[in-house]
Amino acid sequence: MFKGADVKGDGVTSSQRVLALCGGVGGAKLALGLSHVIDDEKLTIVVNTGDDFDHLGLRICPDIDTVTYTLAGIVNPETGWGRAGETGSFMDALSMLGGEDWFYLGDKDLALHVERTRRLAEGESLSGITAGIAQQLDIGPRILPMSDDPVATMVETTSGTLAFQHYFVRERCQPPVTGFYFDGIEAAKPHSDLLGILADSCLDAVIVCPSNPFVSIDPILSLPGVRQALRDCSAPVIAVSPIVGGKAVKGPTVKMMAELDLAPTSVEVLKRYQDILNGFVLDKRDINDLEQLKTMVDYVEITDTLMLSLDHKIALARAVVDFARRC
Ligand code: FO1
């Protein structure tokens with residue numbers, strides 16, 4: 001493992017306290033990199049729960065599970081979500097019965113949804129269950145749901161309003177989007193530890209992972225008090241652009257931007273975070289945006305943000321943490 005001497009050896013301190021804001025697949029990759037360069041007890045990964053939904057009587061929390069499986073080293077490397085070495089007996093049997101089979105639940109993955117649903121019904125909090133599962137899977141850093149209260153991302157499209165997973169999986173992101181809202185957000189409380197960490201003067205950096213700004217990061221920022229807490233926090237807030245060469249590495253970010261009449265650029269991403277940011281990490285393929293970005297935020301770092309291998313993830317995490325120290 002890279003932790004310990006190696007990390008300290010090349011000048012990136014592992015004693016920094018870092019809070020990462022994260023969605024699903026893209027964010028989980030950087031979270032994995034961060035887990036290799038930051039001491040376990042000093043890294044908290046706050047995860048979007050706007051994608052969560054009830055399906056087949058189960059509570060499904062896709063972004064939490066993606067981060068959990070990624071950090072446990074058991075994520076499906078082809079999809080970036082679900083488990084590696086998965087089998088599909090449950091889905092096959094469900095299809096045979098004419099059940100709702102548009103959302104794939106592998107046999108191993110199913111166990112997590114059943115266990116979480118059981119524990120929620122017994123009154124345990126989502127954050128408690130997530131921490132318990134992380135401990136079972138030997139995950140060091142803390143995975144913290146943004147809230148223990150339910151929030152549901154709703155996608156407004158030209159064919160009507162859709163719950164997030166209906167838009168994303170069932171409709172394959174086809175309907176053009178016109179907007180988003182987060183059902184339950186006004187009543188939802190950010191997890192108290194999220195606000196506590198942001199208020200802690202020992203915090204060294206907040207990192208906004210390269211996740212979809214509309215449906216992964218915005219739900220976290222829209223929780224009452226979170227944007228203000230980010231503006232007030234003493235640590236630098238750094239965002240990593242999810243745009244690489246004018247495209248999103250995965251997912252519908254760029255398609256959404258086009259439908260919302262926004263250019264597919266890092267500049268447009270930065271605009272969404274401008275009030276909370278001290279620094280922005282731009283991919284080297286988008287160097288044309290550099291001059292404009294420099295007029296919008298105090299610090300800009302340009303690097304390779306494509307995370308194709310574990311080494312890339314660690315290298316980017318190191319670059320971001322190092323950049324935060326300089327901000
Ligand atoms: N994504 C898909 O494109 N199709 C699926 O059938 C699907 C099932 C699924 C099951 C569990 C889980 O944790 C994630 C799953 N995802 C699936 C991914 C998920 O919809 C997205 O990654 C996020 O919600 C977007 O961040």
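Scanning segment 7-27 for residues that are at pLDDT 95 or above and either surrounded by fewer than 15 Cβ atoms within 10 Å (Cβ to Cβ) or part of a strand (DSSP E or B) (or both) turns up Val18, Leu19, Ala20, Leu21, Cys22.
Can you confirm whether segment 42-55 contains a residue that is surrounded by fewer than 24 Cβ atoms within 10 Å (Cβ to Cβ), among the basic types (Lys, Arg) and more than 29 Å from Arg118 (Cα to Cα)? Yes: segment 42-55 contains one or more residues that are surrounded by fewer than 24 Cβ atoms within 10 Å (Cβ to Cβ), among the basic types (Lys, Arg) and more than 29 Å from Arg118 (Cα to Cα). Of everything listed in (1) of a type outside the set (Gly, Ala, Ser); (2) without any contact (Cβ under 8 Å) to a residue 24 or more places away in the chain; (3) within 25 Å of Asp39 (Cβ to Cβ), the single unmet condition for Ile139 is (2).
Among the residues of segment 64-81, none is identified as surrounded by fewer than 18 Cβ atoms within 10 Å (Cβ to Cβ), of a type in the set (S, T, N, Q) and more than 10 Å from the ligand (Cβ to nearest atom). Could you check, for segment 193-209, whether at least one of its residues is buried (at least 20 other Cβ atoms within 10 Å of the Cβ) and within 16 Å of the ligand (Cβ to nearest atom)? There is at least one residue in segment 193-209 that is buried (at least 20 other Cβ atoms within 10 Å of the Cβ) and within 16 Å of the ligand (Cβ to nearest atom).
Contact map, segment 291-304: first residue farther than 11 Å from Gln274 by Cβ, second residue assigned to a strand (DSSP E or B) and small (Gly, Ala, Ser), Cβ cut-off under 6 Å, separation 6 or more or different chains; pairs are Tyr299/Gly279.
Meeting the requirement of 1 or more residues that are in contact with a strand residue (DSSP E or B) (Cβ under 9 Å, 6 or more places away or on another chain) and within 20 Å of Asp193 (Cβ to Cβ), the strands (runs of 3 or more DSSP E) wholly within segment 30-111 are 43-47.
Taking the criterion of being closer than 17 Å to Gly50 by Cα, away from the ligand (no atom under 15 Å from the Cβ) and open to solvent by 30 Å² or more (accessible area, probe 1.4 Å), the residues of segment 151-180 that qualify are Glu156, Thr161. The set of residues in segment 48-60 that are near the ligand (Cβ under 7 Å from one of its atoms) and of a type in the set (A, V, I, L, M, F, W, C) contains only Ile60.
If you go through segment 135-180 and keep only what is among the small types (Gly, Ala, Ser) and not in a strand (DSSP E or B), you end up with Gly140, Ser159.
All conditions in (1) within 19 Å of the chain's Cα centre (by Cα); (2) in contact (Cβ under 8 Å) with a residue 12 or more places away in the chain hold for Ala187, with the sole exception of (1).
Being in contact (Cβ under 8 Å) with a residue 60 or more places away in the chain, within 9 Å of the ligand (Cβ to nearest atom) and of a type in the set (Val, Ile, Thr) is not true of Ile45.
Taking only segment 283-327 into account, find how many residues are basic (Lys, Arg) and within 14 Å of Lys29 (Cα to Cα).
Qualifying residue count for the region: 2.
For segment 94-110, what are the residues that are open to solvent by 60 Å² or more (accessible area, probe 1.4 Å), under 25 Å from the mean Cα position of the chain (by Cα) and not hydroxyl-bearing (Ser, Thr, Tyr)? Of everything in segment 94-110, just one residue is open to solvent by 60 Å² or more (accessible area, probe 1.4 Å), under 25 Å from the mean Cα position of the chain (by Cα) and not hydroxyl-bearing (Ser, Thr, Tyr), namely Lys108.
The values are calculated or read from the model by the stated rules, or taken from the named source; none is laboratory data. Being a predicted model, the structure only gives us computed values, none of them experimental. Cβ atoms come from the backbone with ideal geometry, glycine included; neighbour counts cover every protein chain shown. Calculation scope for accessible area: heavy atoms of the full protein, side chains included, ligands and nucleic acids excluded. Shrake-Rupley method; radii C 1.70, N 1.55, O 1.52, S 1.80 Å.
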